[in-house]
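Single-structure report; data block below.
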Amino acid sequence: MSNPDFHGSLHAAPAGRGAAVEFDHISKDYGDLTVLHETSLRIEPGELFALIGPSGSGKSTLLGMLAGFVPPSYGAIRVDGTDIVAVPPYRRNIGMVFQNYALFPHMSVAENIGFPLKMRGCSRGEIAERVKRALAMVRLDSMGERRPAQLSGGQQQRVALARAAVYDPRLLLMDEPLGALDKNLREEMQEEIKRLQRALGATVIYVTHDQQEAAFLADRLAVMRAGMLEQIGTPRQLYEMPGTHFVASFLGEAS
Ligand code: ADP
Ligand code: MG
């Protein structure tokens, strides 16, 4: 059983009033299988919020609902106070970075980064200006003309970050963005993500199965288990006062 003291007022917070993101009693069923059970979660503006938990616990499903890939079976999702469930994915203005970052191989780095702006009908001048700024943000200033294949894995992932950040989204979703990288590169990229978040002032929701990564990056984190949020808190709260045996053993595992 989870301990209600550890969820406190952060769990199932009341609607409205300034949250960046609110999941309000969200459920997801696939036929007879319920993969999210009336999940409520409130994320504050500018927070880097990590979702951690074992494989299959529902982390990607929750992010997919925000992104618009996965319709909820029940419940409301609000971004800046507005219910977005009926808003199509391309109208949500949410930046996304996933493990398989899928850069377009036939486009230059600059064209890759500018692509979301082109889709939004921005002028050439504005695209050039914003791409230049995004390249600088991830310290790839001189790489704009290269093809993705001419970059290292870490550089390619930085291009994916720049592409997600190029239109100044208020909200960035990252689903295991560093999962494919080796340990040294992962640590370097964690710094990069922190820097990027500060530069954008964006709210970030970060999914990882790596507890250390979550503890390093996150302002707060939630541990998911079988479609439920087992505990929510700062890394320190979770490590010092794990609310359940499951949380304690999950945080204690080597990643
Ligand atoms: P995580 O990201 O934490 O690994 P997911 O959100 O991907 O977990 O999956 C949660 C559960 O939902 C898993 O049991 C998974 O098998 C199931 N699931 C995900 N997508 C589908 C789908 N399209 N159809 C049926 N089951 C699904
Ligand atoms: Mg997943």
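We did not get these values from a lab; they are worked out from the coordinates using the rules stated. Everything numeric in this text was worked out from a predicted model, so none of it was measured. In this analysis, Cβ positions are derived from the backbone assuming ideal geometry, glycine residues included, and neighbour counts consider all displayed protein chains.
Tally Lys and Arg at +1 and Asp and Glu at -1 over the other residues with C-beta under 14 Å from the C-beta of M189: what net charge comes out?
-2
Please name which of V87, I43, A180 has its Cα lying farthest along the dipole of the chain towards the positive end, using unit charges on Cβ (Lys, Arg +1; Asp, Glu -1) and the Cα centre as origin.
V87
So, with +1 on the Cβ of K and R and -1 on the Cβ of D and E, and no other charges, what is the size of the charge dipole of the stretch 76-214 about its Cα centre, to the nearest 20 debye?
Dipole of the stretch 76-214, to the nearest 20 debye: 480 debye.
Ignoring everything except DSSP H segments at least 4 long, calculate the 222 nm mean residue ellipticity for the chain; use -39,500 (n - 2.57) per segment, divide by total residues, nearest 500.
Working: 9 runs with 90 residues, N = 255.
So the calculated ellipticity at 222 nm is -10500 deg cm²/dmol.
Label the stretch 183-235 by shape, choosing from rounded, prolate and oblate, from the square roots a ≥ b ≥ c of the eigenvalues of the Cα gyration tensor; if a/c is under 1.5 it is rounded, and otherwise prolate applies when a/b is larger than b/c, oblate when it is not.
Values: a/c = 2.49, a/b = 1.52, b/c = 1.64.
Judged from the Cα gyration tensor, the stretch 183-235 comes out oblate (a/c at least 1.5, b/c at or above a/b).
Report the local net charge at F250: Lys and Arg +1, Asp and Glu -1, summed over other residues whose C-beta lies under 12 Å from its C-beta.
-2
Among R147, R198, which comes first, second and so on when ranked by fewest other beta-carbon atoms within 10 Å?
R198, R147
Give the residue from G154, V223, Y30 lying farthest towards the positive end of the charge dipole for the chain; charges sit on Cβ (+1 for Lys and Arg, -1 for Asp and Glu) and the dipole is referred to the Cα centre.
Farthest along the dipole direction, towards plus: G154.
Taking the Cα centre as origin and putting +1 on Lys and Arg beta-carbons and -1 on Asp and Glu beta-carbons, what dipole magnitude results for the stretch 201-251, to the nearest 20 debye?
100 debye
In the neighborhood of I127, defined by Cβ-to-Cβ distances under 13 Å, what is the net charge if each Lys or Arg adds +1 and each Asp or Glu adds -1? Walk me through the intermediate numbers first.
Numbers: positive: K118, R120, R124, R130, K132, R133, R163; negative: E111, E126, E129.
Neighbourhood net charge equals +4.
From Cα pairs below 8 angstrom and at least 6 apart in sequence, can you work out the relative contact order of the chain, rounded to a whole percent?
It comes to 27 percent, rounded to a whole number.
Take the alpha carbon gyration tensor of the stretch 134-255, find the square roots of its eigenvalues, order them as a ≥ b ≥ c, and report rounded if a/c is under 1.5; if not, report prolate when a/b exceeds b/c, else oblate.
Because a/c hits 1.5 or more and a/b exceeds b/c, the stretch 134-255 counts as prolate.
If the only charges are +1 at each Lys and Arg Cβ and -1 at each Asp and Glu Cβ, what is the size of the charge dipole of the chain around the Cα centre, to the nearest 20 debye?
Dipole about the Cα centre, nearest 20: 940 debye.
If one computes the Cα centroid of the stretch 211-255 and of the stretch 124-149, what distance in Å separates the two points?
37 Å
Go through the stretch 144-150 residue by residue and turn each phi into a ³J(HN,Hα) via Karplus (6.51, -1.76, 1.60, θ = phi - 60°); whole Hz please, and just put x for glycine and proline.
Once θ is set to phi - 60°, the couplings for the stretch 144-150 become x, 8, 6, 8, x, 5, 8 Hz.
Sum up the lysine pairs in the chain that clear both bars: alpha-carbon distance under 25 Å and a spacing of 8 or more or different chains.
Working: K28/K59; K59/K183; K59/K194; K118/K132; K132/K194; K183/K194.
Close lysine pairs under the 25 Å cut-off: 6.
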